[in-house]
Amino acid sequence: AEAFTEALTLIYGQTEPDSVSTSLNKQLVTLINNRSAMYEKASLPELALEDCNKILDVYDKTHVKARTRKLRILEGMNDYY
């Protein structure tokens, strides 16, 4: 998870938010999604949910992996409706 966070920090530090290309958006989503998976495996569901929500709210509302992971985590926490 630390490596994904470091990569995200480098990208965010070197780009302007308005100048993010579609290709860079996909890379950001992939990094955030992979970090979320690492948080889930490390039994840190709150951090994993935070990343899932970021993907779904900011980048792609229909991202299948983020939606599936979010549901799986919420089911495990018995916190869904």
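The values are calculated or read from the model by the stated rules, or taken from the named source; none is laboratory data. Note that the structure is predicted; figures quoted are calculated from it, not measured. Cβ sites come from the backbone with ideal geometry, for glycine too, and all protein chains shown count toward neighbours. Note: areas computed on protein heavy atoms with side chains; ligands, DNA, RNA excluded. Shrake-Rupley method; radii C 1.70, N 1.55, O 1.52, S 1.80 Å.
Annotation: of all residues in region 23-58 being of a type in the set (Asp, Glu) and over 8 Å from the mean Cα position of the chain (by Cα), the one that is nearest to Glu2 (Cα to Cα) is Glu40. One residue stands out in region 1-42 among those that are open to solvent by 70 Å² or more (accessible area, probe 1.4 Å) and of a type in the set (Val, Ile, Thr): the one that is modelled with the highest pLDDT, namely Thr30.
Condition first: in contact with a Leu (Cβ under 9 Å, 6 or more places away or on another chain) and of a type in the set (Lys, Arg). Can you find one or more residues in region 20-28 that meet it? There is no residue in region 20-28 that is in contact with a Leu (Cβ under 9 Å, 6 or more places away or on another chain) and of a type in the set (Lys, Arg). Give the residue that is farthest from Lys70 (Cα to Cα), with candidates limited to residues of region 2-22 that are within 11 Å of the chain's Cα centre (by Cα) and among the hydrophobic types (A, V, I, L, M, F, W, C). Applying the filter and picking the extreme gives Leu8.
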